[in-house]
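The values are calculated or read from the model by the stated rules, or taken from the named source; none is laboratory data. These numbers come from a predicted model, not from an experiment. Glycine also receives a Cβ, built like all others from the backbone with ideal geometry; neighbour counts cover every protein chain displayed. These area figures cover heavy atoms from the full protein model, side chains too; ligands, DNA and RNA do not enter into them. Shrake-Rupley method; radii C 1.70, N 1.55, O 1.52, S 1.80 Å.
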Amino acid sequence: MGMFSNTFKLELRILEDIRAFGTFLIWYGRTRSYAWFKRFELAKDALVDLLYQKRGRYVRPFLHLGTIVLIFLFITTGPVLFSRSEENKNAETGILATTAYGSSIYTQQAEEVRAFRGGEVITHVVSEGETFSSIAQRYGLQVSTILWENKMTEKTPLKPGMDLRILPVDGVRHQVQRGETIFSIGKKYGLDNSQAQVIVDYPFNEFLNDETFELATGQYLMVPDGVMPETVIAPPRPTSPVIIPAPGSVPQGSGSFIWPAAGMITQGYKFYHKAFDIANRAGGPILAADSGVVIGAGWDASGYGNRILVDHGNGYITLYGHLSVLQVSAGQRVNRGDVMGQMGSTGRSTGTHLHFEIRQGGVLLNPGSFLK
């Protein structure tokens, strides 16, 4: 009986020791966790105080670092993802597709890389055997863009190790002088007042005032599609505006889109401007590109100004921006060719024109693939 009692007491002691040990572990874990959390909070507060005291100084380094990381991830994983996507698509359709709209997969990747670059000018080190043409093709640019930026001609010899500045898009990079405006700069590089809209729409150009487009002396401004002065007069610019027929003059089949306005295309579809700008100094009516229901008609503070949205009931939505007058209201049904408003220059606009978008599932499509 005494032996049984001793055994029972021993078991109770062991259980008490285990319970005490468990209590100690919980207390130790909480204490250590609190200590680490307190250190983390102190370090975070110190970093926040430092950034606040020197606010703005580290913004550019952070942006550059983030851009470099994105480019690295895109370069290392992009080819694999694109190749798998293409292989799956081709396996389903049974079609081997190597080009799209006349451009190679290499050029399409260069277009995406330009978007990730965030408008930065990069430096290319010339390698043995490279030419201006091969370098331009690598970055999806025209040869003239590289020559203008580096103050060279096609006869300039390229030597291995030479540094070339590479712009993010075709055009000219300009350093603003005192008294210059986007209109005077655009005119210098072959753009009239209506075409100066391309300078405003380029997302990496900065202005002291986003409403008046005021510029700072000494800042650099990208002029997409600009041409150096000595080549503006002759030969004529290859990207001259396309004359658009009067709206509704060309018969269209069911489900297709007619031209929503008469004028000239002053800015086409690009990765940073996924729309058509149709300009006409005399203004003119804005027509419904296809039948549908108006789902939005009014002021848009994001830059469209007076804008209209039409749902065509087949997955497509069209947007008409910068109108001076709206002649429809939300919920109203419209037929193809109905007048919905008048061309204007409201919102983030530099001249009278229509900003026209075609959307499908939230994706902005190239209107040139639909308007014939």
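Points worth noting:
- Selection count where residues are over 13 Å from P168 (Cβ atoms) and open to solvent by less than 40 Å² (accessible area, probe 1.4 Å), scope segment 131-142: 3
- Residue count for segment 299-350 under the criterion of being free of Cβ contacts under 8 Å to residues at least 40 places away in the same chain and on the phi > 0 side of the Ramachandran plot: the result is 3.
- The set of residues in segment 120-130 being surrounded by fewer than 16 Cβ atoms within 10 Å (Cβ to Cβ), of a type outside the set (A, V, I, L, M, F, W, C) and in a loop (DSSP other than H, G, I, E, B) consists of S127, E128, G129.
- Scanning segment 150-167 for residues being open to solvent by 90 Å² or more (accessible area, probe 1.4 Å) and in contact (Cβ under 8 Å) with a residue 40 or more places away in the chain gives a total of 2.
- Every condition in (1) part of a strand (DSSP E or B); (2) open to solvent by 20 Å² or more (accessible area, probe 1.4 Å) is met by L354 except one, and the failing one is (2).
- Within segment 307-335, the set of residues being out of contact with any Gly (no Cβ under 8 Å at 6 or more places or on another chain) and not in a strand (DSSP E or B) comprises S329, G331, Q332, N335.
- Taking residues in segment 360-372 that are without any contact (Cβ under 8 Å) to a residue 12 or more places away in the chain, and partners anywhere that are open to solvent by 50 Å² or more (accessible area, probe 1.4 Å) and among the aromatic types (F, W, Y), not one pair has Cβ atoms closer than 6 Å while being at least 6 places apart or on different chains.
- Candidate set: segment 230-257, residues that are part of a loop (DSSP other than H, G, I, E, B), at pLDDT below 90 and closer than 18 Å to M343 by Cβ; chosen: the one least open to solvent (accessible area, probe 1.4 Å): I244
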